[in-house]
Amino acid sequence: MAISRRNFHHYAVALGLLSLLPQANAQADKVVRLIIPGPPGGASDIMARILSDDISKQLGQTIVIEARPGAGGNVAAEMVAKAPADGNTLLFGDIGPLAINVTLFPSLPFDPTRDFEPIARVAVFPWVIVAHPSLGAKNLNEVFAIARKTPGGLAFATPGQGTPMHLTGALLQKVSGAEFVHVPYKGGGPATLDVVAGHVKLGIVGLPPAVQHIQSGALIGIGLSTANRSPLAPSISPLRESGLQDFDAGVWYGILAPRGTPKAVVQRINAAVAFALQQPHNIERLAKTGVMPWFTTPDVFRSFIESEGRRWAPLVKESGAKVE
């Protein structure tokens with residue numbers, strides 16, 4: 001994804017604040033806990049580790065990445081929502097707990113639009129349907145045919161309840177009339193590895209943990225969530241070309257702080273994130289996993305979260321997906 005003129009403006013504003021960092025950093029002796037919603041090896045872990053070094057250097061603070069998977073990202077989000085509003089506990093949040101779960105789950109222990117101070121949207125990547133070679137499917141129609149013949153339904157692995165991958169599986173069932181059985185994991189890393197091992201023959205996971213296995217031939221790419229093909233896996237057709245008309249979506253991530261975090265602290269971290277996303281070595285490492293930087297200012301990120309909640313609410317209902 002090329003940086004648009006608007007995104008360039010966001011970078012320029014944030015980077016202009018970098019000169020304020022030395023004066024604003026009264027917390028240099030405090031460790032920043034960056035809470036991720038997935039397990040080690042998953043997409044959130046990969047991105048957080050790529051960016052954390054440069055963010056840490058700009059802040060002058062040590063960053064410790066803590067994995068808190070579970071409940072479709074709700075465990076991590078609740079933890080940060082209830083943390084002290086001092087900028088030292090941050091959420092590396094994603095589309096699940098911030099836009100989808102409010103409709104999918106009967107109730108949430110936090111409000112995604114009220115309990116956080118959005119700092120910066122960070123990145124976006126597609127998700128992908130993958131199959132173990134032994135399944136014998138190379139495209140979505142072949143997956144549908146196999147599912148219709150599978151007693152009890154065809155099992156598919158995802159990073160967890162409430163993820164967009166979970167919703168995609170529900171949509172596949174609705175579109176095909178075949179039965180699919182959801183097998184939720186605590187993150188994309190474990191889900192991907194179990195499909196690679198053949199324990200589950202089908203998976204719907206983020207591209208970052210799956211791309212190396214697709215390139216090696218350990219997994220067969222069936223369909224991509226975005227309208228455009230990925231340069232890392234150009235042979236995989238977009239889902240909109242395989243029966244899911246107008247389907248075009250990606251998993252986005254951003255950094256948030258608890259509600260009430262001082263504006264100066266939010267701006268300081270936003271500037272550090274902007275710096276990290278501009279570094280060529282980080283851009284290159286992200287690109288190798290299929291991740292594209294997608295930076296915004298805090299106010300734009302807040303509006304984006306609200307609009308994504310409105311966008312996904314009817315899709316959740318249409319999919320028929322449910323969380324017990």
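Within the range 70-87, the residues that satisfy the criterion of being under 19 Å from the mean Cα position of the chain (by Cα) and of a type outside the set (A, V, I, L, M, F, W, C) are Gly70, Gly72, Gly73, Asn74, Glu78. Scanning the range 33-69 for residues that are at positive phi and either over 14 Å from the mean Cα position of the chain (by Cα) or free of Cβ contacts under 8 Å to residues at least 60 places away in the same chain (or both) gives a single hit, Gly60.
For the range 81-163, give me every one of the strands (runs of 3 or more DSSP E) that falls completely inside it and has 1 or more residues that are over 24 Å from Val196 (Cβ atoms) and in contact (Cβ under 8 Å) with a residue 24 or more places away in the chain.
89-94, 116-125
When we screen Gly136, Gly87 for residues that are modelled with pLDDT of 95 or more and in the same structural domain as Leu202 (by TED's automatic domain parsing), the only hit is Gly136. Looking for something under 21 Å from the mean Cα position of the chain (by Cα), among the basic types (Lys, Arg) and crowded, with 19+ Cβ neighbours inside 10 Å - is there at least one such residue anywhere in the range 105-115? No. Here Lys288 meets each of (1) farther than 15 Å from Leu90 by Cβ; (2) surrounded by 20 or more Cβ atoms within 10 Å (Cβ to Cβ) with one exception, condition (2). Residue-level check: of (1) at pLDDT 90 or above; (2) of a type in the set (A, V, I, L, M); (3) surrounded by fewer than 20 Cβ atoms within 10 Å (Cβ to Cβ), Ile119 misses just (3).
Could you check, for the range 195-205, whether at least one of its residues is outside the structural domain of Pro84 (by TED's automatic domain parsing), over 28 Å from Leu104 (Cβ atoms) and over 17 Å from the mean Cα position of the chain (by Cα)? Yes, the range 195-205 has at least one match.
The values are calculated or read from the model by the stated rules, or taken from the named source; none is laboratory data. The shown structure was predicted, so the numbers you read here are calculated from the model rather than taken from an experiment. Cβ: placed from backbone, ideal geometry, glycine included. Neighbour counts: every protein chain shown.
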